[in-house]
Amino acid sequence: MLTVRTQQKWLSVVMVVALAACTAPADQANQVAAVDLAAEAAAVEAVSMQWMEAAQSRDLAAATAVFADDAVIFDEEEGSIEGLPAIRADIQSSWQKYPDATVSWSTNSVEVASAGDMAWERGSWTYDPDGAGEAGEMTGEYVTVYKKVGDAWKVASDIGVTHEDEDMEESEEAEM
């Protein structure tokens, strides 16, 4: 499992890449038609909620339909998972391994590039690997980068970090 510091570094890298990708050169910015950024942000948030509903109902087709073909997700245990086929297999495997798992997330903010072709979402998530079972609920934060594919918003990259409780973090530091 990645340490909290490593997770934070990855999250920082994703944010920098997202910001760099969303910044259009000055000459391109003048040529782009006006984009309704608020409407695009609402559309991104709607895709995120559709994704969550698909994940909660375990609808594999709908859950993977939100991803771009070349999407990359960063998993704390498995590292990077690249491409839609690998993401589909990972989701299916996770659902088989944790049949009672529950997941939810909420959007804290959505920013859309001025060109209207890239966006990123920040939020908080909750995951329980066995639902109402004995395992504890995990919480964390995420950043998801979206890109426009045709007229649809698709997930280009997704990373989350787990909040570890203080007792666990102190025991990890003592081991070092």
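What follows draws every value from the coordinates through simple rules; no lab data is involved. The structure presented is a predicted model; accordingly, all values stated were derived computationally and were not measured. In this analysis, Cβ positions are derived from the backbone assuming ideal geometry, glycine residues included, and neighbour counts consider all displayed protein chains.
Remarks
- Packing-based ranking of 52-60, 126-134, 114-122 yields 114-122, 52-60, 126-134, ordered from highest to lowest mean Cβ neighbour count within 10 Å.
- Interchain or long-range residues, amide H under 5 Å from PHE67's placed H: VAL155
- Residue exposure sequence - VAL112, VAL35 - by fewest surrounding Cβ within 10 Å: VAL35, VAL112
- What the phi angles of the range 128-133 give under the Karplus curve with 6.51, -1.76 and 1.60, with θ = phi - 60°, is a coupling list of 10, x, 10, x, 8, x Hz, glycine and proline written as x.
- The range 149-157 - phi-based ³J(HN,Hα) in whole Hz, Karplus 6.51/-1.76/1.60, Gly and Pro as x: 10, x, 9, 10, 7, 10, 6, 9, 7
- Derived scalar couplings between HN and Hα for the range 134-143 equal 7, 5, x, 6, 10, 10, x, 10, 9, 10 Hz in order, rounded to whole Hz, by the Karplus curve 6.51 cos²θ - 1.76 cosθ + 1.60 (θ = phi - 60°), x for Gly and Pro.
- Distance between the modelled labels on SER93 and ALA65, one decimal in nanometres: 2.6 nm (7 Å Cα→Cβ projection).
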